[in-house]
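Data first, discussion second: the structure below is written as structure tokens.
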Amino acid sequence: MTHEGHRKRFYEKLKSGAFMPDHEILEGLLFNAIPRKNTNPIAHALLAKFGTVKGVFAADIDALLAVEGVGESAAFYLKCIGMCINAIYGDEQKTVRLKNYGEFRKFVVSRLHDKEEEVLEFYLCDKGGKVLNIYSHTDNEAHRVSIKSGELSSMLAASGAYGVIVAHNHLTDSSEPSAQDDKFTCEMQLICSMNGVKLLDHCVYGGDGSVFSYFNDGRIDAITKKYAFENVINVLGKLGDK
């Protein structure tokens, strides 16, 4: 009962947002790995050996096991937390910011050059060109990839992005867009317009290593104007008046 009361007080302190020293943070974490034991002295022992919380999470399994009171479950638990921190930190370090076409072209090539099936990718960006999220879709076919408009609309509506760049690959052909690529770009622009997201570009990576950009070619501007949602509604309205 003593441990239960102590842990209850810890959770109340945690919920209140009160300051907690490093040993209390470790102590609370270890509740999950060591459910029926006082974890306070173990937390102090970990800090004494590794110096900081960061040092604890960076330690290897054998070093953790050498600390009195730390068994396999606790060692594996702390190691997993350290790996999660590294994964988060690594993602921050790998943040992609596409400032110009040259950087974007390199990014598309790095993403699509070794694909063995057609892939359709969506790079959701903020106004400064930072890639917020990447959605990659494939039908696992060599010469075909498609996605339903409802899926696109849901993705864009939930993204909070300023704009989206679309890219896909041709496995054997050049990067010159097909009539189907043109049609998809128009449909994509309409869906983007309906969801308040700007279509920034559609790039095609060819089997010959070339890259075609609708933006660079001047087509994206004409498409975004013609297939803006309000323009389509106006055209439909005029047809209905006839």
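The values are calculated or read from the model by the stated rules, or taken from the named source; none is laboratory data. Keep in mind that this is a model prediction, so the values were computed, not measured. Glycine also receives a Cβ, built like all others from the backbone with ideal geometry; neighbour counts cover every protein chain displayed.
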| From the list Leu190, Leu152, which one is over 16 Å from Cys125 (Cα atoms), among the hydrophobic types (A, V, I, L, M, F, W, C), assigned by TED's automatic domain parsing to the domain that holds Glu230 and out of contact with any Gly (no Cβ under 7 Å at 6 or more places or on another chain)? | Leu190
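I want to confirm something. Restricting to segment 120-154 and keeping residues that are part of a loop (DSSP other than H, G, I, E, B) and at pLDDT 85 or above, which single residue is surrounded by the most Cβ atoms within 10 Å (Cβ to Cβ)? Break it down stepwise before answering.
So in segment 120-154, the residues part of a loop (DSSP other than H, G, I, E, B) come out as 126-129, 139-148.
Subset that is at pLDDT 85 or above: 126-129.
Values: Asp126: 13, Lys127: 9, Gly128: 9, Gly129: 18.
By that ranking, first place goes to Gly129.
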| remark: Residue count, segment 195-232, condition aliphatic (A, V, I, L, M) and under 16 Å from Leu124 (Cβ atoms), comes to 3
| What is the number of the single condition among (1) among the acidic types (Asp, Glu); (2) at pLDDT 90 or above; (3) under 34 Å from the mean Cα position of the chain (by Cα) that Asp60 does not meet? | (2)
| said: All but one of (1) out of contact with any strand residue (DSSP E or B) (no Cβ under 7 Å at 6 or more places or on another chain); (2) modelled with pLDDT under 90; (3) in a loop (DSSP other than H, G, I, E, B); (4) of a type in the set (Val, Ile, Thr) hold for Val70; state the number of the condition that does not hold. | reply: (2)
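A quick yes/no check of all residues on (1) in contact with a strand residue (DSSP E or B) (Cβ under 9 Å, 6 or more places away or on another chain); (2) surrounded by 14 or more Cβ atoms within 10 Å (Cβ to Cβ); (3) free of Cβ contacts under 8 Å to residues at least 12 places away in the same chain:
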site	(1), (2), (3)
Lys183	no, no, yes
Leu200	yes, yes, no
Val204	yes, yes, no
Gly207	yes, no, no
Phe212	yes, yes, no
Ala222	no, no, yes
| query | Any residue at all in segment 110-119 that is under 21 Å from Ile223 (Cβ atoms) and buried (at least 16 other Cβ atoms within 10 Å of the Cβ)? | reply | no
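State yes or no: is Tyr162 in contact (Cβ under 8 Å) with a residue 12 or more places away in the chain, of a type in the set (Phe, Trp, Tyr) and surrounded by fewer than 18 Cβ atoms within 10 Å (Cβ to Cβ)?
Yes, satisfied.
Of all residues being assigned to a loop (DSSP other than H, G, I, E, B) and among the hydrophobic types (A, V, I, L, M, F, W, C) in segment 57-67, which is surrounded by the fewest Cβ atoms within 10 Å (Cβ to Cβ)? Just the residue, please. Steps first, please.
Start the filter on segment 57-67 by keeping residues that are assigned to a loop (DSSP other than H, G, I, E, B), which leaves 59-60, 66-67.
If we keep only those that are among the hydrophobic types (A, V, I, L, M, F, W, C) too, we end up with 59, 66-67.
Details: Ala59: 21, Ala66: 11, Val67: 19.
The residue in question is Ala66.
Evaluate segment 85-99: report whether one residue or more is closer than 16 Å to Glu24 by Cα and in a helix (DSSP H, G or I).
Step one: list which residues in segment 85-99 are closer than 16 Å to Glu24 by Cα, which gives none.
No, every residue in segment 85-99 fails to be closer than 16 Å to Glu24 by Cα and in a helix (DSSP H, G or I).
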